[in-house]
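Some notes on the structure that comes next.
Taken together, the values in this text are just the output of simple stated rules run on the coordinates, not laboratory data. The structure presented is a predicted model; accordingly, all values stated were derived computationally and were not measured. Counting neighbours? That spans all protein chains shown, and the Cβs are built from the backbone with ideal geometry, glycine included.
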Amino acid sequence: MQRKVPFITFCVKPNKKAWINLAGCNFDCKGCFALAKDDVGKPFTVEALLDFFTKSCMQVYGEMVYDVVITGGEPTLNPAYLLDLIKGLRGLSIKNIAVSTNGYLLDEKLVKSLKTLQVSLVKLDIKMYDEKLHYWYTGKSNKSVLKAAKLLHDYDVNFYVRTILMPGIVDVDEVDKIARFLSSISPEIPYRIYEFDPKHARQPITRKPSLKEMFEAFKAAKKYLKHVESVPAAETYDSSYEYVEVRDDALQDQFNKIDEISRLSIKDWKIRGIPFSKILSLSK
Ligand code: SF4
């Protein structure tokens, strides 16, 4: 079994942390911002990916990283692959392994396995509460996603829920419904509200929310949940952050475009690309 990997991102400052991006997704979000949504990148078996990841770490840091997020695309598309990857990363003595997911395939069996493997964090997207709206936006029902939040809580997996505020699509009333639903499971569930950013979306289906709208959404969620965070715009990111990205050579044109957009919108955006071919040549 192989999965494609278009890139692996490494934060080099202020903290060492890596994101392994597995390509492909079972949703078709209209405002998707992820290059890894498509079936792009180099195919790797788990074993080959672990080897490639280790070599990438040595190239970037000169040592292994101890904080890894498995993301995409959608990392749960093949649960066996995901679980083997987590086991393999554990075998490399990686302490913190997080999984970022849209939750659609997060059934009881997978949640139990994630608990058994002591995944440090699951980042669960609940994009919308309204099922029709969710269907319109993603092409899929949200029933299993809502159920996943309950399962993660019941199996005592460390997790938080994320929603992107999208004016005219996901407004304060949707955030209110999601937060109320989560509070019916537990008011302790951490909840993060992000801003939609049309610059990074495949389809600029709406505008960025205003600060006032973000604050209103925060207040709505705070009525039900104890731990709510409103995540600031990318433009306000601390310029001390520095990244290195190991990238599939075949996607270089797409990376150039993404870098250009990021540099225009994020002050002092620091990212350096390393082609896959350079890492692969290390193994010869
Ligand atoms: S779940 Fe994420 S990667 Fe998949 S289509 Fe939606 S935004 Fe894109």
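Structural remarks
- Applying the Karplus relation 6.51 cos²θ - 1.76 cosθ + 1.60 with θ = phi - 60° to segment 3-12 yields 3J(HN,Hα) values of 10, 7, 10, x, 6, 10, 9, 10, 7, 9 Hz, where x marks Gly and Pro.
- Counting DSSP beta bridges with both ends in the chain, the antiparallel % (nearest 5): 30 percent
- Phi angles across segment 24-40 convert, under the Karplus curve 6.51 cos²θ - 1.76 cosθ + 1.60 with θ = phi - 60°, into 3J(HN,Hα) values of x, 8, 8, 9, 10, 4, 5, x, 4, 10, 9, 4, 6, 4, 7, 7, 10 Hz, Gly and Pro given as x.
- Phi-derived couplings, Karplus 6.51 cos²θ - 1.76 cosθ + 1.60 at θ = phi - 60°, listed residue by residue for segment 161-178: 10, 10, 9, 9, 6, 10, x, x, 10, 10, 9, 4, 5, 5, 4, 4, 5, 5 Hz, with x used for Gly and Pro.
- The alpha-carbon atoms of the chain define a convex hull whose volume equals 121 cubic angstrom per residue.
- In the chain, the longest principal axis of the Cα atoms and the axis of helix 79-91 are about 60 degrees apart.
- Within straight-line cross-link reach of Lys132, lysines at Cα separation under 18 Å, skipping those fewer than 8 residues along the same chain: Lys30, Lys140, Lys143, Lys147, Lys177
- Isolated Cys residues of the chain, judged by Cβ distance under 4.7 Å to other cysteines: Cys11, Cys25, Cys57
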